[in-house]
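The values are calculated or read from the model by the stated rules, or taken from the named source; none is laboratory data. Just so you know, these numbers come straight off a predicted model, no measurement behind them. So basically every Cβ, Gly included, is an ideal-geometry build from the backbone, and we count neighbours across all protein chains shown.
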Amino acid sequence: MTKITIKTDCGHSPKKEFLKDFNVAFGKGNTEFLTANVTDDIVWTMVGNKVIEGKEAFAKAIQQMADYKVSECIIEKIVTHGKEGAVNGVMKMDDGKEYAFSDFYEFKNTKSTDLKTITSYLIQI
């Protein structure tokens, strides 16, 4: 079971709450939630690694990542403004490795929580 630690207060911000839920779903491997909350033309840039385009490719990549088990997801900060947001934290894996991450999100529009782009930075610590 994945332990979730959230060091930030989402307050009354629906987009912050959504980004918290999105990252918790990522840590728990909830591929259905992740895929349901991106646009058909999602672009996920994993800086220094690859770019994934389209919902089908996104779903496939998420399913492949399900093999990597997260023991703890620590969310340090969540920031949103307009149609943009960012989350940073640490993922501790079952194999003992730890990764610091920072993800930048663009929503479909200012009222939507569907994600249009994700830019991810990941380093092993």
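Brief remarks on what is shown
- Those residues of the range 71-88 which are surrounded by 19 or more Cβ atoms within 10 Å (Cβ to Cβ), at pLDDT below 95 and either polar (S, T, N, Q) or touching an Asp or Glu at 6+ places or on another chain (Cβ under 8 Å) (or both), in sequence order: 80
- Against the numbered list (1) over 16 Å from residue 88 (Cα atoms); (2) out of contact with any strand residue (DSSP E or B) (no Cβ under 9 Å at 6 or more places or on another chain); (3) among the small types (Gly, Ala, Ser); (4) crowded, with 16+ Cβ neighbours inside 10 Å, residue 66 comes up short only at (4).
- Members of the range 61-102 found to be within 14 Å of the chain's Cα centre (by Cα) and part of a loop (DSSP other than H, G, I, E, B), listed by number: 66
- Selection count, the range 1-55, where residues are assigned to a strand (DSSP E or B) and at pLDDT below 95: 4
- Restricting attention to the range 103-125, the residues that are within 15 Å of residue 20 (Cα to Cα) and either in contact (Cβ under 8 Å) with a residue 60 or more places away in the chain or in a loop (DSSP other than H, G, I, E, B) (or both) add up to 7.
- Filtered by the rule that a residue be within 14 Å of residue 115 (Cα to Cα) and either surrounded by 17 or more Cβ atoms within 10 Å (Cβ to Cβ) or among the basic types (Lys, Arg) (or both), the range 1-24 gives 15, 16, 18, 19, 20, 22, 23.
- Filter result for the condition that a residue is among the β-branched types (Val, Ile, Thr) and under 19 Å from residue 108 (Cβ atoms), over 79, 47: 79
- Meets criteria (at pLDDT 90 or above and of a type outside the set (Lys, Arg)) for residue 66: no
- Residue tally, condition in contact (Cβ under 8 Å) with a residue 24 or more places away in the chain and aliphatic (A, V, I, L, M), over the range 12-63: 10
- In the range 68-88, the residues that are in contact (Cβ under 8 Å) with a residue 40 or more places away in the chain and among the hydroxyl-bearing types (Ser, Thr, Tyr) reach residues that are surrounded by 15 or more Cβ atoms within 10 Å (Cβ to Cβ) and in a strand (DSSP E or B) with C-beta atoms within less than 9 angstrom, at least six apart or across chains, in these pairs: 71/91; 71/92; 80/86; 80/105; 80/107.
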